[in-house]
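Working notes, structure below.
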Amino acid sequence: MPALPGRIGIVGGVGWLGGAIARAALRSGTLAPERLWLSGRRPRRDGVADWPEVTVTDDNQALVDAVDTVVLSVRPGDFAQMGLDLRGKLSVSVMAGVTSAQIMRATGAERVVRTLPNAAAEFGLSFTPWHASAAVTGADRALVRALFGACGQEAEIAEEAQLDLFTALTGSGPAFPALLADALVEAALAHGLDRPLAEAAVRQVMLGAGEAIAREPASPAETVRSFIDYAGTTAAGLVAMQDAGLREAVARGIAAATRKARALADPGGES
């Protein structure tokens, strides 16, 4: 696909998420390196060493003034003190818990898109939900789709409030599956396997499971039901896990992460 028009800057683009978005877009050809700016407190080039044409700076406002589209990839707690002037810019936020209204008040921006990519953007495997403010144009939407399409799958959502749930559901990236993987490793160790072998086995199981769930037409619920109906060894394990409260534990975890996302937008809430 042709590279996106205009210049794009990522405030916090030398960090892990901003850098992942930049590299995914550069590798795919979605961004031309000479049209990309990155900023950070320590303007390192190591993340974009393969693209010397990328401009890297420690001056956030200089980046803003030089580009047409600004991606905000900073800690929510740091954003309010940055004092950026984003008037006239398409402003794309990847910050959890900072609402479009808060971004508008703090920066003067009117065309605001909130997005929630995750760490899998680095590999083109993120799921990125996004919500656009009323002033966002069709051309703006096309740019957002292209940029985050380079990072994996993207989907526009109608209600901004749903982003708090997506912060928990998809914004966690590998964290929740990693917890399950760690539990599987610990169970294998308890039954006598050594750690390198257990971790190698579980990593491959998680990789294969992810591919199967993504590609199979059956829903996750249908897959679980088919194994339980077969009444074999896997069924015994699934039933025991469910009886031990696995589903309830997952529901509590998603609820807790969603509450935390909402609290990030409230200066008087938890930090």
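From 178, 146, 142, 200, grab the single residue that is modelled with pLDDT of 95 or more and surrounded by 14 or more Cβ atoms within 10 Å (Cβ to Cβ). Talk me through it step by step, then tell me what you get.
Values: 178 fails: surrounded by 14 or more Cβ atoms within 10 Å (Cβ to Cβ); 142 fails: surrounded by 14 or more Cβ atoms within 10 Å (Cβ to Cβ); 200 fails: surrounded by 14 or more Cβ atoms within 10 Å (Cβ to Cβ).
Going through 178, 146, 142, 200 in turn, the sole match is 146.
Within the bounds of region 171-183, is there any residue that is polar (S, T, N, Q) and in contact with a strand residue (DSSP E or B) (Cβ under 7 Å, 6 or more places away or on another chain)?
Within region 171-183, the first condition is being polar (S, T, N, Q), and the residues that meet it are 172.
Add one more test, that the residue is in contact with a strand residue (DSSP E or B) (Cβ under 7 Å, 6 or more places away or on another chain), and what stays is none.
No; the residues of region 171-183 include none that is polar (S, T, N, Q) and in contact with a strand residue (DSSP E or B) (Cβ under 7 Å, 6 or more places away or on another chain).
Of the residues 128, 107, which single one is more than 14 Å from residue 12 (Cβ to Cβ) and in contact with a Cys (Cβ under 7 Å, 6 or more places away or on another chain)? Let's see the steps before the verdict.
Numbers: 107 fails: in contact with a Cys (Cβ under 7 Å, 6 or more places away or on another chain).
The conditions single out 128.
May I ask you to list the residues in region 7-29 that are in contact with a Phe, Trp or Tyr (Cβ under 9 Å, 6 or more places away or on another chain) and of a type in the set (D, E, K, R)? Passing the criteria: 7, 23. For region 118-139, a residue qualifies if it is touching a residue at least 12 places away in the same chain (Cβ under 8 Å), surrounded by fewer than 20 Cβ atoms within 10 Å (Cβ to Cβ), aliphatic (A, V, I, L, M) and closer than 22 Å to residue 85 by Cα, and exactly one does: 135.
Here 234, 223, 170 are screened, and the one residue that is surrounded by 13 or more Cβ atoms within 10 Å (Cβ to Cβ) and in contact (Cβ under 8 Å) with a residue 12 or more places away in the chain is 170.
Consider region 153-167 and keep the residues that are of a type in the set (A, V, I, L, M) and over 17 Å from residue 126 (Cβ atoms). The one that is surrounded by the most Cβ atoms within 10 Å (Cβ to Cβ) is 161. If I ask for residues that are modelled with pLDDT under 95 and acidic (Asp, Glu), which ones from region 235-268 would you list? The answer is 266, and nothing else. From the list 80, 66, 62, the one residue that fits, being of a type in the set (A, V, I, L, M) and touching a helix residue (DSSP H, G or I) at 6+ places or on another chain (Cβ under 7 Å), is 80. Taking the criterion of being closer than 17 Å to residue 60 by Cα, outside any strand (DSSP E or B) and of a type outside the set (D, E, K, R), the residues of region 88-103 that qualify are 88, 94, 95, 103.
Taking the condition of being of a type in the set (S, T, N, Q) and crowded, with 24+ Cβ neighbours inside 10 Å, how many residues in region 93-117 meet it? Lay out the reasoning, then the answer.
Kept after step one, since they are of a type in the set (S, T, N, Q), are these residues of region 93-117: 93, 99-100, 102, 107, 115.
Going one step further and asking which of them are crowded, with 24+ Cβ neighbours inside 10 Å, we end up with 93, 115.
Final tally of qualifying residues: 2.
Scanning for something in contact with a strand residue (DSSP E or B) (Cβ under 8 Å, 6 or more places away or on another chain), exposed (fewer than 13 other Cβ atoms within 10 Å of the Cβ), modelled with pLDDT of 95 or more and not in a helix (DSSP H, G or I), does region 59-66 turn up at least one residue? Yes, region 59-66 has at least one match.
The values are calculated or read from the model by the stated rules, or taken from the named source; none is laboratory data. This structure is a prediction, so every number in the text was calculated from the model and none was measured. Note: ideal-geometry Cβ built from the backbone for every residue, glycine included; neighbour counts use all protein chains shown.
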